[in-house]
Amino acid sequence: MFILYGEPNSGSFAPEAILTLAGAEFECVDFDLATHQQQGNAYRAINPMGRIPALRLPSGQLLTESVAILLVLAELFPALELLPPVGSAERFTVYRWLMFISAPIYEAVSRWDYPERFSANPDHAAAIKDKAHADLQQFWRLVENHLQLVTMQNGLGLDLYIANISGWIVGKAWRADNCPGVAAIADGVARDERIGAVWQRHFSKS
């Protein structure tokens, strides 16, 4: 059995959706981000970085980092075609945008969520959050401007990752008005009946 550590409306949506699509046997163990349970001893014993998601494979091996989890699941369940064919230009492009979302975009989300981690001065918190919000808008516009490349035979993996993260902080209304291509990807994932229950579990309240 797979064990997925996460929380609704977190980065654990994409791996939960993939495991559901694969028909895999898995258990979700949720940690409440609002009360910082992921920073407690119980979760740090699983992932010392105190970040979710994390995935324990049936072999017992533990994976962290959302993109690493997605790439491993793509290997474990090739029939899902989560990524374009190995060696293809489309696959290289998907790697590029997966890493872009996991690095500057995820980092900006962290700055907005936890501004106290980025300065020893509490007075800096508001400015840190404002800059993170502006950066996220800029980064998603960059994705939008390259969307023709992003969506070219990309497989489902990148779509799930975009749908998972693109509404955070900037909001769905801003996304729809400023990044309609990104919004269309998220809407398409939301309408996928195969993972409808997973989508509702994560995003029905957001």
Restricting to Cα pairs under 8 Å and 6 or more apart, the percent relative contact order of the stretch 48-206 works out to 19 percent
Percent breakdown of C-alpha pair distances by 5 Å bin, ordered from the shortest bin, for the stretch 1-109
2, 11, 21, 23, 20, 14, 6, 2, 0
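Before rounding to the nearest 500, sum -39500 (n - 2.57) across all DSSP H runs of length at least 4 in the chain and divide by the residue total; then give [θ] at 222 nm in deg cm²/dmol. Write down the numbers at each step before the final one.
Working: 11 runs with 106 residues, N = 206.
When only DSSP H runs of four or more count, the value is -15000 deg cm²/dmol.
Give the residue list of trypsin sites (Lys or Arg not before Pro) in the stretch 127-206 that are DSSP loop and have at most 14 other beta-carbon atoms within 10 angstrom. List each step's numbers first, then the result.
Numbers: sites: Lys129, Lys131, Arg141, Lys172, Arg175, Arg191, Arg194, Arg201, Lys205; in loops: Arg191, Lys205.
Those satisfying the criteria are Arg191, Lys205.
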Cα centre as origin, Lys/Arg/Asp/Glu Cβ charges: the chain dipole, Debye
220 debye
Label point distance in nm, Ala134-Lys205, each placed 7 Å from Cα along Cα→Cβ
3.3 nm
Solvent-accessible area per residue for the stretch 51-136 (1.4 angstrom probe, square angstrom)
53 Å²
Who wins for biggest fluctuation among Gln38, Gln137, Gln61 in a Gaussian network model of the chain, springs between alpha carbons below 10 Å?
Gln61
Integer Hz, Karplus 6.51/-1.76/1.60 couplings in order for the stretch 174-180, x for Gly and Pro
4, 4, 5, 6, 10, 9, x
Using a 1.4 angstrom probe on heavy atoms only, work out the carbon and sulfur share of the accessible area of the chain in %.
55 percent
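Once you sort the root eigenvalues of the Cα gyration tensor of the chain as a ≥ b ≥ c, which label holds: rounded (a/c under 1.5), prolate (a/b larger than b/c) or oblate (the other case)? Display every interim value, and only then the final one.
Values: a/c = 1.62, a/b = 1.09, b/c = 1.49.
Oblate, since a/c reaches 1.5 and b/c is not below a/b.
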Between the modelled labels at Phe118 and Thr20 (7 Å from Cα along Cα→Cβ) the distance in nm is 3.1 nm
Full extension from Asn145 to His36: what is 0.36 nm times the residue separation minus their Cα-Cα distance, to one decimal in nm?
35.7 nm
Between Ala127 and Met99, what length in nm is gained on full extension when 0.36 nm per residue of separation is reduced by their alpha carbon distance?
7.5 nm
Could you work out how much longer the chain between Phe92 and Glu27 gets when fully extended? Use 0.36 nm per residue separation minus the Cα distance between them, nm to one decimal.
20.2 nm
In terms of modelled amide H atoms, which long-range or inter-chain residues lie less than 5 Å from the amide H of Val29?
Leu4, Tyr5, Gly6
Lys/Arg +1, Asp/Glu -1 at C-beta; the chain dipole; positive extreme among Leu80, Pro48, Leu156
Pro48
Under a point-charge model restricted to the Cβ atoms of Lys and Arg (+1) and Asp and Glu (-1), what is the dipole moment magnitude of the stretch 62-122 relative to its Cα centre, in debye to the nearest 20?
140 debye
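The values are calculated or read from the model by the stated rules, or taken from the named source; none is laboratory data. In this text, all values refer to a predicted model and were calculated from it rather than measured experimentally. Because the Cβ atoms are built from the backbone with ideal geometry, glycine has one as well, and the counts that use them run over all protein chains shown. Keep in mind that these areas ignore ligands, DNA and RNA; they rest on the heavy atoms of the full protein, side chains included. Shrake-Rupley method; radii C 1.70, N 1.55, O 1.52, S 1.80 Å.
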